[in-house]
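Novice: To start, I am sharing the structure in question, which I have written as structure tokens.
No lab work stands behind these numbers, since they all come straight from the coordinates. Just so it is clear, the model here is predicted, and its values are computed rather than measured. With ideal geometry, Cβ positions are generated from the backbone for all residues, glycine too; neighbour counts draw on all protein chains shown.
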Amino acid sequence: MNSSARCSGLLTDKYELTMLAAALRDGTAHRPAVFEMFTRRLPEARRYGVVAGTDRFLAALTDFTFDDAALRLLSGFCDPETMRFLENYRFGGDIDGYPEGELYFAGSPVLSVRGSFAECILLETLMLSIFNHDSAIAAAAARMVSAAGGRSLIEMGSRRTHEQAAVAAARAAYLAGFTGTSNLQAHRSFGVPALGTSAHAFTLLHTGPDGESAAFRAQVAALGVDTTLLVDTYDVTTGVANAVAAAGPELGAVRIDSGELAVLAHQVRDQLDRLGATNTRIVVSGDLDEYAIAALRAAPVDSYGAGTALVTGSGVPAAGFVYKLVEVDGTPVHKRSTGKESTGGGKQALRAARDSGTVTEEIVYPAGRPPAVPGPARELTVPLIRAGDAVIDVGAGALAAARDRVAAGLRSLPWEGLKLAHGEPAIPTRLVPGGD
């Protein structure tokens, strides 16, 4: 029996084991199968999606086994044949899909999984839990990046979500273009730059008539003049004056976390300039989402801090991915449930563009049968797993490459595809029939 302390086999739903047991009993468990992960439609108000979670999924897949403790638990409701299968389980199939950081649309075959029915069916919950969370965060983050217009963003939502989700959310936000995170575990696990200022509690700790100034002097003494001082604990105008007095005109930044941020940003910028702190940056935070960030585009803001809206997908906490069987023994199978239809057969995709590089449509076609496309087109589907082993880079450079991919994808969209208002997807998806 496997005794790996890192096994993640129980990150699944019981119904997957029910299907496994039944398939082992009737002899269908080892039939060659193809499953696909896709979304039938983009969430409301979203014009594109961002693939995030690939590297996390590949790492979890490596550990997707059943150790002694897990097997003891499962023995209470699994028959001996199912137990023998799980005891030796390791995914040994192939997975193709969109690289992390790629944009996707409704019907995009983001992942295609090939193997026996038994080994593929067990991956459903693990896969969907990672991609539905991370891709939802990345899409929200990408919208915030677009709204910020080149200004930096800090992820600071750890206190508004599950402690492990906070780490994954910080990674997804950084992948989508955020500058860094307040979460130190994300810094440790994924190399996301760690950033942070201070809280009102530190100012309130320093009591007395000179309390705010004393707090600022202490922070500057510990961290240097390039630190960021929080100036809205009491009165913003007084806070800015105290901040510059404590650090001098070379103060790195001030942060405003409440009030009418656009109005205050103009007032603070004017005050800082009058005090000679012309290079001191202004950071704003306080329940910002992409709409609030867009509304601040005309204000003299240098950085934004986003928390609650970001880590909850800004109203869309799950990307809407599903995982469906599309092929058995080389024959397409189709789901016909009302509103939950799926198109049979394994698929791949490419993205067509104008000569300028602006993309025009997503083309989904039967695997191995690419259509002729006039003009530039880019293949989206790449090998991720072969015989159970990753064939793509999941090292330190992978996250940087994914960041570049998101940025390039956003630049390639038609301008209307970046609008925050409700509307059609940025580009249409065209399905090439398989002749089945």
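Novice: In whole Hz and in residue order, list the ³J(HN,Hα) couplings for the range 277-289 that follow from phi through the Karplus curve 6.51 cos²θ - 1.76 cosθ + 1.60, θ = phi - 60°; x for Gly and Pro.
Specialist: With coefficients 6.51, -1.76 and 1.60, one gets 8, 5, 9, 6, 7, 10, 10, 10, 8, x, 6, 7, 10 Hz.
Novice: Note the angle between two axes, namely the Cα long axis of helix 163-175 and the longest principal axis of the Cα atoms of the chain, as a number of degrees from 0 to 90, rounded to the nearest 10.
Specialist: The answer is roughly 80 degrees.
Novice: If you don't mind, there's one more thing I want to ask. Between residue 263 and residue 336, how high is the FRET efficiency from 1/(1 + (r/R0)^6) when r is the Cβ-Cβ distance and R₀ = 60 Å? Nearest 0.05.
Specialist: Plugging the Cβ-Cβ distance into 1/(1 + (r/R0)^6) gives 0.60.
Novice: Relative to the longest principal axis of the chain, what angle (0 to 90°, nearest 10) does the C-alpha long axis of helix 14-26 take?
Specialist: The helix 14-26 is inclined about 10 degrees to the chain.
Novice: Taking amide H positions as placed in the peptide plane 1.01 Å from N, state which residues far from residue 152 in sequence (5 or more) or on other chains have amide H under 5 Å from it.
Specialist: Close amide H contacts, sequence-distant or interchain: 304.
Novice: Using each residue's phi in the range 139-153, evaluate 6.51 cos²θ - 1.76 cosθ + 1.60 at θ = phi - 60° and report the 3J(HN,Hα) Karplus result to the nearest Hz, with x for Gly and Pro.
Specialist: The phi angles translate into 5, 4, 5, 5, 5, 5, 4, 4, 5, 6, x, x, 7, 7, 10 Hz.
Novice: Now a separate question. Compute the distance from the alpha-carbon center of the range 40-73 to that of the range 130-174, in whole Å.
Specialist: 17 Å
Novice: If you don't mind, another one. If you plug each phi of the range 405-411 into the Karplus form 6.51 cos²θ - 1.76 cosθ + 1.60 with θ = phi - 60°, what whole-Hz ³J(HN,Hα) values come out, in order, with x for Gly and Pro?
Specialist: Result, rounded to whole Hz: 5, 4, 4, 5, x, 5, 5.
Novice: Kindly rank 418-425, 98-105, 363-370 from highest to lowest mean number of other beta carbons found within 10 Å of each residue.
Specialist: Most protected by this proxy first, the peptides run 98-105, 363-370, 418-425.
Novice: How high is the relative contact order of the chain, in percent, counting Cα pairs under 8 Å that sit 6 or more residues apart?
Specialist: RCO, the chain: 22 percent.
Novice: Another question, then. Could you list which residues have their amide H under 5 Å from that of residue 386, counting only those 5 or more apart in sequence or on another chain, with H placed in the peptide plane?
Specialist: Amide H neighbours of residue 386, under 5 Å, 5+ apart: 95, 391.
Novice: Quick one: helix 236-247 against the long Cα principal axis of the chain, what's the angle to the nearest 10°, folded into 0 to 90?
Specialist: Roughly 80 degrees, rounded to the nearest 10.
Novice: Rank-order 112-121, 26-35 by packing density, defined as the average count of other C-beta atoms within 10 Å over each peptide's residues, highest first.
Specialist: Going by the mean number of other Cβ atoms within 10 Å, highest first, we get 112-121, 26-35.
Novice: Given an 8 Å cut-off on Cα distances and at least 6 residues of separation, report the relative contact order of the range 357-431 as a percent.
Specialist: 55 percent
Novice: Still on this model: Let's test the formula: R0 of 22 Å, r as the Cβ-Cβ distance of residue 234 and residue 299. What FRET efficiency results, to the nearest 0.05?
Specialist: Approximately 0.50, to the nearest 0.05.
Novice: Once fully extended, how much extra length lies between residue 28 and residue 411, figured as 0.36 nm per residue of separation less the alpha-carbon to alpha-carbon distance?
Specialist: Working it through step by step, the gained length comes to 133.2 nm.
Novice: How much length, in nm to one decimal, is gained on full extension between residue 11 and residue 206, taken as 0.36 nm per residue of separation minus their Cα-Cα distance?
Specialist: 65.5 nm
Novice: Right, here's the next one. Mind checking the full-extension length gain between residue 77 and residue 164? Use 0.36 nm per residue of separation minus the Cα-Cα distance, one decimal, nm.
Specialist: So the chain would gain 28.4 nm between residue 77 and residue 164.
Novice: At 222 nm, what helix-only mean residue ellipticity would the chain give, in deg cm²/dmol to the nearest 500, using -39500 (n - 2.57) for each DSSP H run of four or more?
Specialist: Calculated at 222 nm, the ellipticity per residue is -11000 deg cm²/dmol.
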